[in-house]
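Peer 1: Please see the structure below; I have some questions.
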Amino acid sequence: MLFAILPLLGVLFLSFTRWDGLGEIKLDGLSSWNTVLADPVTGNALLVTAKIMFFSFIVQAPISLLLGVFTAANQKYRAALAVLYFVPLLLSSAAVAIAFKALLDPNFGLGPGLGLPFLAQDWLGNSDLVLFVVVFVIAWQFVPFHTLIYQGGVRQIPASLYEAAQIDGAGRVQQFLNITLPQLKYTIITSSTLMVVGSLAYFDLVFVLTAGGPGYSTRLLPLHMYLTGFKANDMGAASALGVILVVIGLALALFLQRLGGKNRNASQLEGA
């Protein structure tokens, strides 16, 4: 708690100061907050962050759940496929961004190399496409992590539940809807919390892939905070953005945890 709270208090203090990162720190009241809240780029950064959070969730959640259920079975070929699925987990976000930036290059990337005009678009330079490209790359990297969470959750479900359902004549879809999903309630909440709150921490991948562009198309709140602090040398405003980021993250985490109900610590497993 000490290591978490002290930096936050420091950031909160800096948000009421004027500091370029090198000189003397001077108290400046609410000046930094007024600057941040009146800046239209901040509103745009919040909107871009919300869009990426929403699209990332609706893409990653169902894919991770289905892959987690698929890889949880005992067949050897599924275990082999699971190893391939988890390869992106071994790569850093910067390496992933550099690789996709090269593959999506309209002049020297995958499209011209394969002679496919459809792939030879300016994916990262088109403001209408770049957001969805970022969502795709984020999903490619982080779906395996959430798949691993669901895989562990599915393997904890007692086999007796499925055996009883089979005796009653339930098919695979009915077993999935009536056994797997209810038993994964808290796993879904945990994964969703990590997915949604984690969206507020995307920085290195987006910074390397698009640098927030074109224009402000992919300028997320964390990236806006970095550019304000270390490019514009306005640590006070960057600290105010940091406080906003933390408050949003805590509010979302609290909301998602409350979805689990007051008795969310209780086990969903039969007999546990």
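Peer 1: For each pair in Lys51/Lys231; Lys101/Lys185; Lys26/Lys51; Lys51/Lys76, compute the distance between the two Cα atoms and list the pairs where it is over 30 Å.
Peer 2: Details: Lys51/Lys231 25 Å; Lys101/Lys185 37 Å; Lys26/Lys51 36 Å; Lys51/Lys76 39 Å.
Violating the 30 Å Cα-Cα cut-off are Lys101/Lys185; Lys26/Lys51; Lys51/Lys76.
Peer 1: Put +1 on the Cβ of each Lys and Arg and -1 on the Cβ of each Asp and Glu in the chain; which of Val143, Val96, Gly169 then has its Cα farthest toward the positive end of the dipole?
Peer 2: Positive-most Cα among the choices belongs to Gly169.
Peer 1: Right, next: Quick one: Cα convex hull volume of the chain, Å³ per residue? Please report the intermediate quantities before stating the final value.
Peer 2: Numbers: hull volume 46.8 nm³, N = 272.
Output value, Cα hull per residue: 172 Å³.
Peer 1: Another question, then. For the chain, give the percent of accessible area contributed by carbon and sulfur heavy atoms, probe 1.4 Å, rounded to a whole number. Walk me through the intermediate numbers first.
Peer 2: Numbers: 10370 of 15190 Å².
With neighbouring chains kept in place, the figure for the chain is 68 percent.
Peer 1: Would you calculate a helix-derived [θ] at 222 nm for the chain, using -39,500 (n - 2.57) for each DSSP H run of n ≥ 4 and dividing by the full residue count, to the nearest 500?
Peer 2: On the way: 13 runs with 168 residues, N = 272.
After summing the helix terms and dividing by the residues of the chain, the value is -19500 deg cm²/dmol.
Peer 1: Turning to a different aspect of this structure: Would you mind telling me which residue in Leu241, Leu252, Leu22 has the biggest mean-square fluctuation in a Gaussian network model of the chain, where springs connect alpha carbons within a distance under 10 angstrom?
Peer 2: Leu22
Peer 1: Here is a follow-up. Of all the Cα-Cα pairs you can form in region 176-226, what percent are over 17 Å apart?
Peer 2: Details: 654 of 1275 pairs.
Percent of Cα pairs beyond 17 Å in region 176-226: 51.
Peer 1: Over what distance in Å are the Cα centres of region 127-202 and region 30-78 separated?
Peer 2: 15 Å
Peer 1: Under the Kirkwood approximation applied to all pairs of distinct alpha-carbon atoms, what is the hydrodynamic radius of region 39-98 in Å? Before the final figure, lay out each step's value.
Peer 2: Details: mean 1/r = 0.0702 Å⁻¹.
Averaging 1/r across every pair of different Cα atoms and inverting gives 14.2 Å.
Peer 1: Further question on the same structure: Averaged per residue, what accessible surface does the chain expose to a 1.4 Å probe, in Å²?
Peer 2: Numbers: 15190 Å² over 272 residues.
Normalised by residue count, the accessible surface of the chain is 56 Å².
Peer 1: Here's another thing I want to ask about it. Place a +1 charge on the Cβ of each Lys and Arg in the chain and a -1 charge on the Cβ of each Asp and Glu, then give the dipole magnitude about the Cα centre in debye, rounded to the nearest 20.
Peer 2: Numbers: 14 positive and 12 negative charges, 119 e Å.
With Lys and Arg at +1 and Asp and Glu at -1, about 580 debye.
Peer 1: Follow-up question, since we're still on this one. Given H placed on each backbone N at 1.01 Å, which residues far from Thr17 in sequence or on other chains put an amide H within less than 5 Å of it?
Peer 2: Asp28
Peer 1: In debye, nearest 20, what is the charge dipole magnitude of region 20-168 about its Cα centre with +1 on Lys and Arg Cβ and -1 on Asp and Glu Cβ, if you could check?
Peer 2: In total the dipole reaches around 540 debye.
The values are calculated or read from the model by the stated rules, or taken from the named source; none is laboratory data. The structure displayed is predicted, hence computed values, not measured ones. Quick reminder, even Gly has a Cβ in these numbers, built from the backbone with ideal geometry, and neighbours come from all protein chains shown. What goes into the accessible areas is simple: the full protein's heavy atoms, side chains included, and nothing from ligands, DNA or RNA. Shrake-Rupley method; radii C 1.70, N 1.55, O 1.52, S 1.80 Å.
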